[in-house]
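Engineer: Could you have a look at this structure, given as structure tokens, before my questions?
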Amino acid sequence: MSKQAIIKEMRVLPTIDANTEINRRVNFIKQQLETSGCKSLVLGISGGLAFLGLMYGPQAAFFTELFSTEVRYSGASLGYQIGAIVGGAFAPTIATILWIEYDIVWVSVYIAGASLLSLIAVKMLTETYQSSLSDVD
């Protein structure tokens, strides 16, 4: 199947224009705000997804810089997957316990604490842009 056939079949644009894509997304959010009765929900989800994109965009490059070239892919993948399992498995359970046993505000405190811990971890990492790719610590 040719590239043009795939583009036609999937109904996608052959090139991406950043301004057009931004305008499409802004117009979609405006339309949802005007037609739905859930304005705060639309804004919350849209804003949350925007920040999620800002987080995941540089994350892959950031993770790979933590490892030498010999183990870069494996190290980044294992680190990401183990972190997702540990963070993803326990966070909902902890949040549920905090909400049931105490109050919903403690879920926010828990999330803020996890965010602070992540910020501290990022600050403790060293910059690698001047390091040789073949150096192994």
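Engineer: Among the residues of segment 1-13, how many are over 24 Å from residue 53 (Cβ atoms), outside any helix (DSSP H, G or I) and of a type in the set (A, V, I, L, M)?
Structural biologist: 1
Engineer: State whether one or more residues within segment 14-30 are β-branched (Val, Ile, Thr), modelled with pLDDT of 75 or more and either in the same structural domain as residue 123 (by TED's automatic domain parsing) or not in a helix (DSSP H, G or I) (or both).
Structural biologist: yes
Engineer: Same structure again: Restricting to segment 50-87, name every residue that is touching a residue at least 40 places away in the same chain (Cβ under 8 Å) and charged (D, E, K, R).
Structural biologist: Result: 65, 70.
Engineer: What do you reckon, is residue 82 modelled with pLDDT of 80 or more, within 21 Å of the chain's Cα centre (by Cα) and exposed (fewer than 13 other Cβ atoms within 10 Å of the Cβ)?
Structural biologist: yes
Engineer: Ok, one more. Would you check which residues across segment 1-47 are under 29 Å from residue 122 (Cβ atoms) and either surrounded by fewer than 10 Cβ atoms within 10 Å (Cβ to Cβ) or more than 21 Å from the chain's Cα centre (by Cα) (or both) and list them?
Structural biologist: 18
Condition check ((1) touching a Phe, Trp or Tyr at 6+ places or on another chain (Cβ under 7 Å); (2) in a helix (DSSP H, G or I); (3) farther than 18 Å from residue 117 by Cα) across all residues:
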residue: 32; (1), (2), (3): no, yes, yes
residue: 40; (1), (2), (3): no, yes, yes
residue: 70; (1), (2), (3): no, no, yes
residue: 87; (1), (2), (3): no, yes, no
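The values are calculated or read from the model by the stated rules, or taken from the named source; none is laboratory data. Nothing here was measured: the structure is a model prediction, and the numbers come from that model. Neighbour counts run over all protein chains shown; Cβ positions are idealised from the backbone, glycine included.
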